[in-house]
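Heads up, the thing below is written out as structure tokens.
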Amino acid sequence: MTDRVVVAGAVYSGGRLLAARRSAPEELAGRWELPGGKLEPGERPEQALVRELREELGVETEPVARIPGEWPLGPGYVLQVWTARLLSGEPRPLEDHDELRWLGPDETDAVDWLDQDRPAVAEAARLLRDG
Ligand code: 523
């Protein structure tokens with residue numbers, strides 16, 4: 001069986017990266033992630049990302065580029081990450097998160113990221129730094 005995809009967005013605006021603190025489940029609550037979620041049947045990853053960011057944060061975004069790599073999650077799931085430009089709206093923690101922060105490229109170590117998000121965060125910070 002191929003693994004199912006969880007897609008996450010390295011959402012950026014004004015040279016900063018968006019970090020979201022999970023409020024659930026208990027074992028992940030308080031850790032920070034690149035927001036996103038599971039693909040629904042028939043969805044392409046970019047569509048799922050746009051939908052998840054709309055539902056969770058109330059914003060419109062445009063996926064820009066896949067961050068190379070794929071990171072194992074629990075059994076049967078892998079994490080894929082896209083950079084995503086913020087098109088409209090100010091992100092609000094509508095679902096699944098209890099705090100949001102915008103981080104400059106040299107501030108990304110300021111929050112306790114989920115382990116599996118760290119490689120993509122490092123690459124997103126590098127892309128922001130290099131413009
Ligand atoms: N991750 C993860 N990093 C990351 C995301 C968006 C998700 O490690 N950046 C993990 C956390 C969960 C699983 O992927 O174990 C599913 O993410 P979740 O709960 O955000 O996906 P949803 O919102 O689609 O989940 P359901 O509410 O269960 O549909």
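The values are calculated or read from the model by the stated rules, or taken from the named source; none is laboratory data. This structure is a prediction, so every number in the text was calculated from the model and none was measured. Positions of Cβ are generated from backbone atoms using ideal geometry, with glycine treated the same way; all protein chains shown enter the neighbour counts.
What the table below lists for this structure:
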read-out: Output for segment 22-61, where each listed residue is more than 10 Å from the ligand (Cβ to nearest atom), within 13 Å of the chain's Cα centre (by Cα) and not aliphatic (A, V, I, L, M); value: 45, 46, 54, 61
read-out: Pairs with Cβ under 6 Å, 6+ apart, first in segment 88-101 and under 21 Å from residue 26 (Cα atoms), second in a strand (DSSP E or B); value: 93/100; 97/20; 97/21; 98/21; 99/21; 100/20; 101/19
read-out: Candidate set from segment 1-21 (those that are among the charged types (D, E, K, R) and either closer than 17 Å to residue 121 by Cα or within 8 Å of the ligand (Cβ to nearest atom) (or both)); member that is nearest to the chain's Cα centre (by Cα); value: 21
read-out: Number of the condition not met by residue 130 [criteria: (1) out of contact with any helix residue (DSSP H, G or I) (no Cβ under 7 Å at 6 or more places or on another chain); (2) at negative phi; (3) modelled with pLDDT of 95 or more; (4) not polar (S, T, N, Q)]; value: (3)
read-out: Looking only at segment 72-92, and only at residues there that are over 13 Å from the mean Cα position of the chain (by Cα) and outside any loop (DSSP other than H, G, I, E, B), the one that is surrounded by the fewest Cβ atoms within 10 Å (Cβ to Cβ); value: 88
read-out: Residues of segment 1-22 that turn out to be in a loop (DSSP other than H, G, I, E, B) and either at pLDDT below 95 or in contact with a His (Cβ under 6 Å, 6 or more places away or on another chain) (or both), as a count; value: 3
read-out: Filter pass, residue 109 being surrounded by fewer than 16 Cβ atoms within 10 Å (Cβ to Cβ), under 14 Å from the mean Cα position of the chain (by Cα) and either under 17 Å from residue 36 (Cβ atoms) or more than 16 Å from the ligand (Cβ to nearest atom) (or both); value: no
